[in-house]
Amino acid sequence: MEGKRSRINGVRKASGSKSSRVIRRSSKIRGSLSWGKDLYSSPGKKEVSKFFIFINGILTNPEDVSSWTDLGEDYIEHRTPHKATRLEYRAGAATRRIKQEARVDNLETIAKRHVDENLVLVAHSNGGDICERFVKRGNFDIEELHLIASASEADFEKNGFNKALLDGVVGKIYVYWSPEDRWLKRAKFSKSILSWIGLGYGYLGLVGPQNVDPRVKDRVIEIKRNYDHSDWFFPGIFEQTMRMVSGESLV
């Protein structure tokens with residue numbers, strides 16, 4: 001039938017046309033549990049499997065095996081019952097937009113391989129902009145979105161996060177931010193100058209979530225510190241950050 005939708009391998013597709021378009025990953029939770037409920041404490045229920053994807057920012061060398069994304073993957077794989085991988089790329093401050101949509105395509109490719117697991121995205125700096133674009137496409141449900149010092153749009157109406165939370169595309173959003181982030185202070189200045197031509201960086205990680213819809217406010221968790229841009233991953237702080245990302249602690 002024209003326009004009829006079917007589910008194939010956990011991905012909702014539109015049939016009846018020459019090329020089926022991915023609509024959205026079908027969630028095991030939606031329709032049976034609300035996002036506000038504790039998914040892991042019900043008696044007799046097996047712990048829900050999470051799949052973490054770590055996404056770096058600019059000026060990162062993908063060949064560096066000691067980067068925070070590598071260490072984050074190791075933390076999840078060895079310290080939790082969950083699984084993880086990385087979306088790594090190389091980009092400069094002035095050239096990051098050139099292949100940004102291709103990076104979102106790659107993120108979708110990874111997500112398609114794990115449609116039977118609950119997706120958790122963990123992004124730093126420019127990785128937050130990649131996640132924002134991924135969310136706006138609306139093709140996959142996201143259990144949790146962890147945005148660390150994110151160079152993405154701060155206004156939840158403009159970045160599409162209010163809509164994604166209301167529609168159930170995203171379960172919870174964790175915003176790790178600091179008013180002392182010197183890099184994002186420069187990013188805010190660039191936005192004020194270049195926004196009229198669609199350029200400049202966002203600065204969610206500097207000011208925290210803005211214009212959050214009251215109906216979803218309880219699903220937007222703020223972690224505020226007085227850190228600089230990459231301090232979240234420095235020795236002595238990295239494990240605290242990973243404990244928060246993994247859900248072990250929000251202190």
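The values are calculated or read from the model by the stated rules, or taken from the named source; none is laboratory data. All figures in this text were calculated on a predicted structure; none of them were measured in a lab. Ideal geometry is used to build each Cβ from the backbone, glycine not excepted, and the neighbour counts take in all protein chains shown.
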- [ ] Those residues that are in contact with a Phe, Trp or Tyr (Cβ under 9 Å, 6 or more places away or on another chain) and on the phi > 0 side of the Ramachandran plot, I need them from the stretch 93-141; list them, please.
- [x] 125
- [ ] Please find, within the stretch 140-163, the residue that is farthest from residue 184 (Cα to Cα) out of those that are charged (D, E, K, R) and assigned to a strand (DSSP E or B).
- [x] 143
- [ ] Can you give me the number of residues within the stretch 85-139 that are in contact (Cβ under 8 Å) with a residue 12 or more places away in the chain and either charged (D, E, K, R) or outside any loop (DSSP other than H, G, I, E, B) (or both)?
- [x] 38
Open item on the list: Name the single residue that is surrounded by the fewest Cβ atoms within 10 Å (Cβ to Cβ) among those in the stretch 57-78 being among the hydrophobic types (A, V, I, L, M, F, W, C) and under 18 Å from the mean Cα position of the chain (by Cα).
Closed with: 71
Open item on the list: Can you say whether residue 70 is in a helix (DSSP H, G or I) and either of a type in the set (Lys, Arg) or over 21 Å from residue 202 (Cβ atoms) (or both), as far as the supplied structure shows?
Closed with: yes
Open item on the list: Against the condition small (Gly, Ala, Ser), surrounded by fewer than 22 Cβ atoms within 10 Å (Cβ to Cβ), over 25 Å from residue 111 (Cβ atoms) and modelled with pLDDT under 95, how does residue 247 come out, does it pass?
Closed with: no
Open item on the list: For the stretch 110-144: of the residues being small (Gly, Ala, Ser) and touching a strand residue (DSSP E or B) at 6+ places or on another chain (Cβ under 7 Å), which is nearest to residue 243 (Cα to Cα)?
Closed with: 123
